[in-house]
Amino acid sequence: MNKRVVITGLGAVTPLGNDINSYWQGLKEGKNGIGFITKFDTEGHKVKIAGEVKDFDPTLYVDKKEVKRNDLFTLYALAAASQALEDSDIKGNVDPYRFGTIVSSGIGGLSTIETNVERLITKGPKRVNPMYIPMAISNMAAGNVAILAEAKGYCTSVVTACAAGSHSIGDAFKLIQAGRADAMIAGGAEATITPSGIAGFANLTALNMTEDLNRASIPFDKERGGFVMGEGAAVIILEELDHAIARNAKIYGEIVGYGATCDAYHITAPNGEGGARAMVEAVNDANIKKEEVGYINAHGTSTPLNDKFETKAIKDAFGDHAYNLNVSSTKSMTGHLLGASGAVEAVATILALKEGIIPPTINYLVADEECDLNVTPNQAVEKDIKYAISNSLGFGGHNASLLFKKWDK
């Protein structure tokens, strides 16, 4: 019989705030976390705005020596993991050999790569940082978090672009459900607001090039024209139910379903078919009726194709019930955190269930007949829901749907 899996700890570093309370409060208030880029000089760049993390102090979580030895994406992961571990009080209260880690990144240490390639070209190979490779590789968030947590069980990093955070949580859920772990640290981290990161996505025509902060990340709005880059991390502690109860842990919610599919269609353009199957798989995995789902935290990137085909996918998966659902994209407030997006949005979905508050899609003005679902425009909505889905759709055709349940003893 499958084990039940609950969420007992949360941590986040986001454009809306550097802890869970400020992040969730920002979502409920419909706060816009997008601003003009301060991390580098944008002269010559077509894109000037992003969802930056603000006033982040890594020395709250690691010493100064470790700050110098880690890329920013890993520091974000360590901060979020530190918060989640403290919140859950699980460290020291679990068998370390049955305590695992899956913390992912879509790209990894991009700023480290940029800095060291420039040193190589301008100053020669001897000036490349000896820590260049350990800082740049994308599995180092997971490795460092495992060291922090003294978690000696299963440890890996999923690299599935914008679906990486969700795949991490889903895979961790399945390990506990199968009895292979008592608890898992799961999430994602990203720090790609860099010159090459912004230029690369801009030249791919994926980013919105407006300088109007309130019309930049506008999922499902007919005037949407691309996503806004975000950064940060989120980590959740997943735990087997009996293990959590035995140590009297605080429980935020339960994860009950996971769907993972591939479009096998195009490296960047979705067609909706794989996304629909992922949602259906998650519902079937949870053994519930589709009509029991009340909210979908959409991938909702604010690109013309994603929002159109995700709407179609929701309709294909849920039929007439699609029009009874609340749908929203919290990327309207944070921008798109790439490999961290699924994790920060899973946190939003868990808290939406816990508090009965659905975060909005902000700055929504112009309805699109191809995106005609209830996108929870502009204002949070109070609604008691039992089940909710968080969607992530990544470059390469990777789709992940996580199905959460409101905690009920």
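Read-outs: derived from the displayed coordinates by stated rules, not from any lab. Nothing here was measured: the structure is a model prediction, and the numbers come from that model. With ideal geometry, Cβ positions are generated from the backbone for all residues, glycine too; neighbour counts draw on all protein chains shown.
Pick out which of Met131, Met140, Met229 has the largest mean-square fluctuation in a Gaussian network model of the chain, springs linking Cα atoms closer than 10 Å.
Met131
Along the charge dipole of the chain, pointing to its positive end and built from +1/-1 on Cβ of Lys, Arg, Asp and Glu, which listed residue (Val53, Asn271, Ser328) has its Cα farthest out?
Val53
Given charges of +1 on the Cβ of Lys and Arg and -1 on the Cβ of Asp and Glu, with all other atoms neutral, how large is the dipole of the range 7-396 about its Cα centre, in debye to the nearest 20? Please list the in-between numbers first.
Values: 34 positive and 47 negative charges, 213 e Å.
For the range 7-396, the charge dipole is close to 1020 debye.
Over the chain, what is the relative contact order in whole percent, taking alpha-carbon pairs under 8 Å and six or more residues apart? Don't skip to the end; give the middle numbers.
On the way: 1123 pairs, mean separation 95.3, N = 409.
Relative CO of the chain lands at 23 percent.
Could you give the nm distance between label points at Arg127 and Asp57, where each point is 7 Å from its Cα heading toward the beta carbon?
It works out to 3.3 nm between the two label points.
On each of the three principal axes of the Cα atoms of the range 55-207, give max minus min coordinate, whole Å, ordered largest first.
Extents along the principal axes, in whole Å: 51, 37, 29.
Which of Val145, Ile7, Gly225 sits farthest toward the positive end of the charge dipole of the range 7-396, with +1 on the Cβ of Lys and Arg and -1 on the Cβ of Asp and Glu?
Of the listed residues, the answer is Val145.
Given labels modelled 7 Å from the Cα in the Cβ direction, how far is it in nm from Lys152 to Glu66?
Output for this residue pair reads 1.9 nm.
Could you check which residue among Lys123, Lys312, Lys331 shows the biggest mean-square fluctuation in a GNM of the chain with a 10 Å Cα cutoff?
It is Lys123.
When semi-axes √(5λ) of the Cα gyration tensor in Å is calculated directly from the model, which label among (1) 82, 19, 17; (2) 29, 28, 18; (3) 44, 35, 17 fits?
(2)
Rounded to the nearest 5, what % of DSSP beta bridges with both residues in the chain are antiparallel?
Antiparallel bridges make up about 70 percent of those DSSP assigns within the chain.
Would you work out if the range 198-329 is rounded, prolate or oblate? Take a ≥ b ≥ c from the square roots of the eigenvalues of the alpha-carbon gyration tensor; rounded if a/c is under 1.5, else prolate when a/b is larger than b/c, oblate otherwise.
Details: a/c = 2.10, a/b = 1.49, b/c = 1.40.
Because a/c hits 1.5 or more and a/b exceeds b/c, the range 198-329 counts as prolate.
Working out 0.36 nm times the residue gap between Arg180 and Ala269, then minus their Cα-Cα distance, what length gain in nm do you get to one decimal? Show your work: numbers first, answer last.
Details: separation 89, 0.36 × 89 = 32.04 nm, distance 3.59 nm.
Net length gain for the segment: 28.4 nm.
What residue among Ala367, Ala278, Ala340 shows peak mean-square fluctuation when the chain is described by a Gaussian network model with Cα springs under 10 Å?
Ala367
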